[in-house]
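Below is one structure, written out as structure tokens; the observations come after it.
Just so you know, all these numbers are worked out from the coordinates, no wet-lab data involved. These figures come from a predicted structure and were not determined experimentally. Quick reminder, even Gly has a Cβ in these numbers, built from the backbone with ideal geometry, and neighbours come from all protein chains shown.
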């Protein structure tokens, strides 16, 4: 036991430079991920700002009951799940398709330009993205509505009509992050053994057959891993995006858990209920990760 401890200390001293590089990341995770977990107790307390966290009385599962029994529960859950499923259905394949298309481009300068243009929107904040939407889709002065009126059509209230908000949320999310997500799949595509394509060509496989039997199986593990990570955040629709694009006119179709927590936790100062909802989201995400990983292992073996 003593010799094992000494060997461990010797290894740590030998790799001391690596451990020093590890310290900033470890400090960040500890301070901003693990230390705040102590605040979970607010979910089980009738928190009072005056008395503080420790002296506030315990109330069991009352905060959870207020959330589950409220008239707002089903509308915000429906909006959250629907928007998340739409993003998963249409947004998840987008970077894969983009990566496959870029992988087929043989003109390097054109490929680099397209890749740069597609991942640049990732660095724009949702405030800027909404400003761009205002320039194009504003009811009176937006470019698209100006063109519609120019050709004799009525202006469409894209930014305020409830029936348009989910389409805007999904489409802008794809536009903003598809290029950035494609980088990972391009890296996976670069690791596929070229001899597999050569063998497929010798066997008479065309481009479609090569795609189906070589390319897609080559990135399958990465796709499954990314799908598992997506499922773990199925209740995280994206607060910044929804907060910027939702308004009193389209709120019935855009109000999600995160925006509701913002109003209840920060505006109404009901921190206990807000913490309970955050804990509920974390538990659901944890269950989905375990379930998805178990299904993935049965379908394709252990991928991590």
Self-check item: Highest-fluctuation residue, 208, 263, 78 considered, GNM on the chain with Cα pairs under 10 Å
Solution: 208
Exercise. Among 4, 118, rank each residue by its count of other Cβ atoms within 10 Å, from fewest to most, as a rough exposure measure.
Key: 4, 118
Exercise. Give me the distance between the Cα centres of segment 169-191 and segment 98-145, rounded to whole Å.
Key: 12 Å
Practice problem: Sort the following peptides by mean Cβ neighbour count (other Cβ atoms within 10 Å, averaged over residues), highest first: 123-133, 164-174, 193-203. | Solution: 164-174, 123-133, 193-203
Quiz item: Add -39500 (n - 2.57) for each DSSP H run of 4 or more in the chain, then divide by its residues: what number comes out at 222 nm, to the nearest 500 deg cm²/dmol?
Solution: -20500 deg cm²/dmol
Quiz prompt | Projected-area mean, segment 1-42, by convex hull of Cα positions, square nanometres | solution = 4.3 nm²
Quiz item: Among 225, 101, what is the fewest-to-most ranking by other Cβ atoms within 10 Å?
Solution: 101, 225
Quiz item: Which whole-number percentage describes the relative contact order of segment 1-108, with Cα contacts under 8 Å and a sequence gap of 6 or more?
Solution: 12 percent
Self-check item: For segment 162-298: relative contact order, % (alpha-carbon pairs under 8 angstrom, 6 or more apart)
Solution: 31 percent
Practice problem: From the C-alpha gyration tensor of segment 45-300, pull out the three semi-axes of the equivalent ellipsoid (sqrt of 5λ each), sorted largest to smallest, in whole Å. | Solution: 40, 29, 15
Quiz item: Hey, what did the chain get for relative contact order, percent, Cα under 8 Å, at least 6 apart?
Solution: 25 percent
